[in-house]
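The values are calculated or read from the model by the stated rules, or taken from the named source; none is laboratory data. Not measured: the values here are computed from a predicted model. Using ideal geometry, Cβ is built from the backbone for each residue, glycine included, and neighbour counts are taken over all protein chains shown. Each accessible area value is taken on the protein alone, full model and side chains, heavy atoms only, with ligands, DNA and RNA left out. Shrake-Rupley method; radii C 1.70, N 1.55, O 1.52, S 1.80 Å.
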Amino acid sequence: MELLDWIVLSLYFVMLLSIGLWAYFRVKNSEDFYTAGGKLPWWLSGISHHVSGYSGAVFVAYAGIAYTHGFTLYVWWAFTVGIATMIAAYHIAPRWSRLRIYAGVQSPTEYLLMRYNLTTQQLIAWAGAIIKVFDTGGKLAAIAVLLNVFSGTSITFGILLVGTISLVYITIGGLWADVWNDFGQFVVQLLAGLTMFVMIIIKLDEGFVGIFNMWDRLPEGNSDFFNDPYTLSFAFVMLVINFFSYSGGTWNLATRFISSSSGKTAKKAAILSSCLYFIWPLILLYPMFAAPLFFENLSDPTLSYGKMVLDFLPQGLVGLVLASLFANTLSMTASDSNTVSAVISRDILPNLFPKIKNYSNKQLLKLARITTLSFTILTIVTALNAGVFGGVFGLIISWFAALLGPIAIPMILGLLPVFRKSDGRVAIISIVGGLCFFIALKFFPVDSFALEVGGPTFVSLILYIVLGFLNKREVPARVNQLHLNLDNNH
């Protein structure tokens with residue numbers, strides 16, 4: 001990286017901190033801090049939901065898949081996310097917003113207390129919060145690796161740089177800082193993505209038609225919709241997983257809907273995010289699809305996008321692309337910090353320290369900032385010690401990640417009245433069942449990639465639905481009233 005690249009990257013960081021400072025003066029209480037006071041416009045909520053689904057992994061791990069397997073990446077990732085989010089727009093997203101309006105929730109797990117019981121809520125809240133410590137720490141470590149590849153700076157420096165900037169602007173600005181960073185990130189990503197797209201078309205030296213002619217020159221199978229092991233069944237599994245994730249099972253995405261001003265606003269936000277997933281990845285991923293034409297037989301395909309950036313872009317634009325990579329990852333880590341802080345301060349701490357329930361608005365805002373600060377510091381420490389954990393660190397991430405699908409099922413399906421007979425006991429059994437299936441797969445491996453990835457989620461889904469319909473217990477009045485409020489069409 002040259003001086004001009006560092007200047008561009010520094011300007012991006014200054015923009016982030018400026019957004020945080022601006023947002024600081026808009027935040028008056030914990031509701032502003034966690035849900036932007038329920039005033040997010042649909043276009044900002046939709047863009048934030050969209051970009052919160054990206055991270056630096058898109059430009060590393062996904063770039064490697066695009067290099068080795070081609071167009072199937074768009075089919076099983078972006079296309080299935082687009083479909084899943086469109087379904088959520090009509091059936092799930094409006095209900096999250098109505099939860100805030102009718103029940104005053106500020107965190108995605110807050111409603112679980114009235115929907116199920118305290119035990120179920122605490123199980124999901126604790127498990128999800130622990131997952132996010134390692135997950136967010138892993139993302140910080142990943143972006144530090146990218147900075148090391150581009151600039152040669154140490155991994156430790158990269159983690160401290162990214163973590164500190166994230167810590168400052170999200171702690172002082174809350175969700176307002178987070179969503180406006182997402183908007184800034186979207187602009188940076190558009191500029192960087194379009195620049196790479198145009199540069200690749202120029203390098204192909206065939207003009208506009210080169211966009212279409214390129215596919216015939218790629219390795220066999222790279223232009224196919226499905227390329228083993230990314231089969232049709234795998235794409236279906238990803239569609240189901242993505243539905244539970246992007247409709248709110250991934251907590252920071254639920255917050256975008258919760259913070260919308262109304263159910264109709266949340267619906268429009270989800271539709272916008274869905275449309276962006278259908279269209280934008282075709283441009284963003286195009287250089288990754290073309291990489292085999294420029295670099296044959298790469299020993300590490302995950303480096304393909306980085307090599308293209310360094311080889312094809314002039315000074316200044318390398319810094320722009322790196323800023324885009326930072327923005328992608330910071331968007332996810334900051335969103336996680338804000339949302340997990342809401343879960344900890346709203347759902348976990350009040351049960352450990354009952355006095356918190358009597359806190360004033362000023363005290364609750366202070367608690368929100370302290371919790372966010374503490375969680376972010378914990379993720380930085382986790383990232384700094386990733387090398388010490390070694391294989392154990394990866395194992396922890398892998399095992400806890402298995403809980404994400406099972407945890408999301410009671411959260412999402414609990415919003416729908418058709419599953420009202422699935423109570424707290426059913427929810428816990430479905431979560432434990434999914435985890436047990438994941439452990440069983442570790443002892444008895446299967447050849448099916450689709451089953452390996454989706455098995456725990458599908459086991460939890462089947463248990464939740466079947467046991468719910470077999471449940472003879474009477475549905476509590478509070479659950480029926482909750483669903484009546486969520487069905488309200490406002």
Looking at the structure I just gave you, is residue 439 under 21 Å from residue 124 (Cα atoms), open to solvent by 80 Å² or more (accessible area, probe 1.4 Å) and either among the aliphatic types (A, V, I, L, M) or touching a residue at least 24 places away in the same chain (Cβ under 8 Å) (or both)? no
Scanning region 56-75 for residues that are open to solvent by 20 Å² or more (accessible area, probe 1.4 Å) and small (Gly, Ala, Ser) gives 57, 61
Any residue in region 38-49 that is on the phi > 0 side of the Ramachandran plot sitting within a Cβ distance under 7 Å of a residue that is assigned to a helix (DSSP H, G or I)? List the pairs, counting only those 6 or more apart or interchain. 38/100
Close pairs from region 274-296: first open to solvent by 30 Å² or more (accessible area, probe 1.4 Å), partner among the hydrophobic types (A, V, I, L, M, F, W, C), Cβ under 6 Å, at least 6 apart: 283/197
Just checking: which of the helices (runs of 4 or more DSSP H) contained wholly in region 224-294 hold 3 or more residues that are of a type in the set (S, T, N, Q) and under 24 Å from residue 189 (Cα atoms)? none
(1) of a type in the set (Ser, Thr, Tyr); (2) outside any helix (DSSP H, G or I); (3) in contact with a Gly (Cβ under 6 Å, 6 or more places away or on another chain): which one isn't true of residue 120, the others all being true? (2)
Show the residue pairs meeting these rules: Cβ distance below 6 Å; 6+ apart or different chains; first residue within region 342-363 and under 18 Å from residue 35 (Cα atoms); second residue acidic (Asp, Glu) and surrounded by 16 or more Cβ atoms within 10 Å (Cβ to Cβ). 346/110; 347/110
Could you count how many residues in region 177-189 are closer than 15 Å to residue 273 by Cβ and either surrounded by 24 or more Cβ atoms within 10 Å (Cβ to Cβ) or not aromatic (Phe, Trp, Tyr) (or both)? 4
Among the numbered conditions (1) within 23 Å of the chain's Cα centre (by Cα); (2) surrounded by 18 or more Cβ atoms within 10 Å (Cβ to Cβ); (3) assigned to a helix (DSSP H, G or I), tell me where residue 415 comes up short. (3)
If you check residue 480 against the conditions, is it in a helix (DSSP H, G or I), within 24 Å of residue 258 (Cα to Cα) and either without any contact (Cβ under 8 Å) to a residue 12 or more places away in the chain or open to solvent by 50 Å² or more (accessible area, probe 1.4 Å) (or both)? yes
Verdict on residue 65 being in contact with a helix residue (DSSP H, G or I) (Cβ under 7 Å, 6 or more places away or on another chain) and under 21 Å from residue 338 (Cβ atoms): no
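Residue by residue, here is whether (1) under 21 Å from the mean Cα position of the chain (by Cα); (2) of a type outside the set (Val, Ile, Thr) holds:
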| site | (1), (2) |
| --- | --- |
| 205 | no, yes |
| 259 | yes, yes |
| 271 | yes, no |
| 279 | yes, no |
Taking into account only those residues within region 1-48 that are assigned to a helix (DSSP H, G or I) and acidic (Asp, Glu), which is nearest to residue 186 (Cα to Cα)? 5
Collect the residues in region 254-273 that are among the small types (Gly, Ala, Ser) and surrounded by fewer than 24 Cβ atoms within 10 Å (Cβ to Cβ), keeping them in residue-number order. 261, 262, 263
Considering (1) closer than 22 Å to residue 302 by Cβ; (2) open to solvent by less than 20 Å² (accessible area, probe 1.4 Å); (3) assigned to a helix (DSSP H, G or I), say which one residue 221 fails and leave the rest. (3)
Somewhere in region 76-84, is a residue closer than 28 Å to residue 326 by Cα, open to solvent by 20 Å² or more (accessible area, probe 1.4 Å), part of a helix (DSSP H, G or I) and in contact (Cβ under 8 Å) with a residue 60 or more places away in the chain? yes
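Matching residues to (1) of a type in the set (Asp, Glu); (2) in contact (Cβ under 8 Å) with a residue 60 or more places away in the chain; (3) out of contact with any Ser or Thr (no Cβ under 9 Å at 6 or more places or on another chain):
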{"site": "229", "(1), (2), (3)": "no, yes, no"}
{"site": "260", "(1), (2), (3)": "no, yes, no"}
{"site": "306", "(1), (2), (3)": "no, yes, yes"}
{"site": "314", "(1), (2), (3)": "no, no, yes"}
Give region 307-352 a look and list any residue that's touching a helix residue (DSSP H, G or I) at 6+ places or on another chain (Cβ under 8 Å) and in a loop (DSSP other than H, G, I, E, B), or say none. 313, 315, 316
Within region 468-477, count every residue that is touching a helix residue (DSSP H, G or I) at 6+ places or on another chain (Cβ under 7 Å) and assigned to a helix (DSSP H, G or I). 1
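A quick yes/no check of all residues on (1) in a helix (DSSP H, G or I); (2) more than 23 Å from residue 76 (Cβ to Cβ):
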| site | (1), (2) |
| --- | --- |
| 421 | no, yes |
| 425 | yes, yes |
| 428 | yes, yes |
| 436 | yes, yes |
| 441 | yes, no |
| 445 | no, no |
| 451 | yes, no |
| 460 | yes, no |
| 463 | yes, yes |
